[in-house]
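Undergrad: The structure's right below; bear with me while I get my questions together.
The values are calculated or read from the model by the stated rules, or taken from the named source; none is laboratory data. Just so it is clear, the model here is predicted, and its values are computed rather than measured. With ideal geometry, Cβ positions are generated from the backbone for all residues, glycine too; neighbour counts draw on all protein chains shown. SASA here: full protein model, heavy atoms, side chains in, ligands and nucleic acids out. Shrake-Rupley method; radii C 1.70, N 1.55, O 1.52, S 1.80 Å.
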Amino acid sequence: LDMPFSAVEMMKKGMDSKLLQPGNLDSNLKYMWSLITALPRQSQFYSNNKDELTKLEDVFLADANGTYLGYTNQCVKRNAETCLATPPDWSFGIDYKPGEADITGFERCPEYCADLPRNMSKEEVLFYTAEGTGGKPGLLKGKKSYDPRVRPWYALAVKAHSLPVWTDVYNDVLEEDGSHPDIGISVAQAYFAGDELVMVAGSTITLQHLTGIVEQQKVGSRSDTEDDSRLFIIDRMGRMMASSQGFDQVVRQEGDMRQLYYHETNDSLVMLGMASLQDRFGTDFSKIKDSDVHQSCGESATYICSHATLQSGASDFYSLHLIIVRVQRRDRFTKEILVDLARKDSDLITTTRTLGKKMRHSLLITIGVCSGCILLGSALLVIIARQVTWPLRQIVNDMSAVSQLELDADKMSCYNNKSLFYKIEEIETMNRTFVNMAAGLRSFSRYMDPYVVQLLLLSRQEAQLGVAKADVTIFFSDIADFTSIAESLEPTQLMQLLGDYLSEMSGIIMKHSGVVGEFVGDAIMAWWNVPWEVDGGRHTVVALASAMEQQQRLAELRQQWCQRGFPEVWARMGLVRSQVLAGNVGSRERMKYGLVGDGVNLASRLEGLCKKFRVQVLVDRATYDSQGVVEEFFLRPVDLVAVKGRQSTTELFEVVASKSQVRGTSLHDMYSKFCNDFEEIQRAYREGQFQRALELSNEYQKIWPSDQPCRILQERCEDLLKHPPGEDWTPVDRLFEK
């Protein structure tokens, strides 16, 4: 269920970023084609299972005008290689219905609809095969009278406004040939511009396909010749959603298709699993909670019954709540456990026999040298001595770990050891003192980057004032409009939000080998490549990857916070590669590890300039020219500026996206065009070709109307054309404010 939900979520993000628009159906179809082809393959790649059934059956869009677009993934067979089929072995379908306000049906999709019939009905959806490389319509398969605005998914999504919703099970799901209605569930989400509905995105999973996925799962040691296990899914009403026994146990197919209740399956193992659930939770299935308990069930406790709950959705009211039940024979459930225990028993017997032989050999040698009484006394003294010194050895081991700044309390024996010999007063005092010292060091490590503290401890020297030149990548970020956010929240809510934000962002920085220098309110300062070298000089690539991952994680947190009633949180980031002085700065009594140099100030200024250009990440020319940057990221030139306090010119670049995340999809070509077209506008402007730059920017605005850097260039060109500059004009914008 994650796959349809993720597809709808990505279409909603496409609407937010204007990649999906009601006026450009060609662009919408390209975006949807990348989803229906890329997401299932990605799932098979990470699961490393080419025989896995695809988890995404279709994606579709509809608008208030009655327009309907959709792609269906017809690859639902066991062999997933058919997903890669090419003509004539089609594996994808495309659905299209023009809107009521369309005159010809082609004006909004001149590319994809070019070969469609000229007399299309505005009340019917047409079903075509989809061409295997680009998703364009191929062969006509059928048509059907259809209005998306009266479908359950459309009405429920509009009612929920901007929240994703799951429908209840409904039949007459739109099939690819328009002639065989099915039964299933849909997830959908509406997009509004203010109070006006723009589009509704959705995806469907049929109960037959869900049953196919369940049938692929291995339950215990079930074989082809023994029918001794069940895996099935029900909803909160007790209706069957899927079964390992096939679709006939889920839906009655004679006459009108209808979902079966569990007691209508006449399956003894299904009834056994449900009886186990009712014994524990009663007959109200909405009160069933997750449990790790495997309960004996059936006559003579022959079977093991277990269950898990599954929830998908953003709110409890519009979410999908399912219960997964497993029933299998006890002997098959415990077979592997018994085999493992038998192996361990065998190993124990072998080890015991070997040890016995050695002990007998030692005893014979000792008897030959010493008398029985001396042997007994010596053995007793050795045992006591070992037991007394054992706690001391544990404390020594813990001290060695602390010297390496390994401060995990769960791994230290001194925190949880209850040995009798720890009660000796001197040992207990030593242990308690060490515990207090470790706790103090653990608290100290939270005030500065733990890697810097670890280097200080490993140096075996006292920290001294001093700096040295270093080639670093410097990072500044802060939360946009943080003052307004702080005024809108209670103090406890603000600290909770800020704590979550700083923890997540700093965690990503340190994961990418960065040093978190300090927090200033909502701002973060960090750097790479000092005091240790990062990735053989490619530290700028690592820093940019960290920045892009932070923006991606913040988008996920933003959705969670909005669901809790918090305002939207956006972050601005500036990165600069520069030579600075790095080391211990401050006074002899109080010092910190930090950076000093012009690059630090410039990185802070770039973060502030993000507000002017309404972008998320800005970098300078040195960062752009760094090894591997242009190969790994999409960047575009934004402006030439001279920030306040600096005479030299700084060329600004926006980091748009990571190439590795969109490689092989239509987004790769879109981002490439986004950057290359704007670079051409900048080139014309900087060469003084204001009329050409204005014409190019007007064309650019038609595709990306909300782009602020393009709007700024338009205004400059219009002003320069009205008031031509002198020969001393330069494209550098001198800033007089920070």
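Undergrad: Please give the per residue accessible area of segment 688-738, computed with a probe of 1.4 Å over protein heavy atoms only, in Å².
TA: Heavy-atom accessible area per residue stands at 66 Å².
Undergrad: Give the peptides 183-189, 193-199, 132-138 in descending order of average Cβ contacts within 10 Å, highest first.
TA: 183-189, 132-138, 193-199
Undergrad: Of 30/612; 18/159; 12/659; 13/97; 12/511, which ones are farther than 27 Å apart at the Cα?
TA: Flagged as over cut-off: 30/612; 12/511.
Undergrad: Please say if segment 570-673 is rounded, prolate or oblate, where rounded means a/c under 1.5 for a ≥ b ≥ c the square roots of the C-alpha gyration tensor eigenvalues, and otherwise the choice is prolate for a/b larger than b/c and oblate otherwise?
TA: Note, shape of segment 570-673 comes out prolate.
Undergrad: Please state the equivalent ellipsoid semi-axes for segment 660-738: what are the square roots of 5 times the Cα gyration tensor eigenvalues, largest first, in whole Å?
TA: Semi-axes, largest first: 28, 14, 12 Å.
Undergrad: I'd like to check one number: the per residue accessible area of segment 604-669, probe 1.4 Å, reported in Å² as a whole number.
TA: 43
Undergrad: Just the number, please: carbon plus sulfur as a percent of the accessible area of segment 477-626, 1.4 Å probe, no ligands or DNA/RNA counted. Provide the component values of the computation, followed by the final result.
TA: Working: 3240 of 6650 Å².
Here it works out to 49 percent.
Undergrad: Rounding to the nearest 20 debye, state how big the charge dipole of segment 495-590 is about its Cα centre with +1 on each Lys and Arg Cβ and -1 on each Asp and Glu Cβ.
TA: Numbers: 9 positive and 10 negative charges, 26 e Å.
With Lys and Arg at +1 and Asp and Glu at -1, about 120 debye.
Undergrad: Please report, as a whole percent, how much of the solvent-accessible surface of segment 639-727 comes from carbon and sulfur atoms (probe radius 1.4 Å).
TA: 45
Undergrad: If you don't mind, there's one more thing I want to ask. Just to make sure I understand: if all protein chains stay in place, what is the order of 170, 71 by accessible area at 1.4 Å, largest first?
TA: 170, 71
Undergrad: Let me know the volume per residue of the alpha-carbon convex hull for segment 537-609, in Å³.
TA: Per-residue hull volume (Cα only) is 133 Å³.
Undergrad: Is segment 480-575 best put as rounded, prolate or oblate by its Cα gyration tensor, with a ≥ b ≥ c the root eigenvalues, rounded for a/c under 1.5, and otherwise prolate when a/b is larger than b/c, oblate when not?
TA: prolate
Undergrad: Find out how many positive minus negative residues lie around residue 630, taking Lys and Arg as positive, Asp and Glu as negative, among other residues whose Cβ is under 15 Å from that of residue 630.
TA: Working: positive: 538, 577, 621, 636, 659, 663; negative: 620, 625, 631, 632, 651, 654, 679.
The answer is -1.
Undergrad: I would also like to ask the following. Take residue 373 and residue 252, extend 7 Å from each Cα along the Cα→Cβ direction, and tell me the distance between the two endpoints in nm.
TA: Going by the 7 Å Cα→Cβ label model, 9.4 nm.
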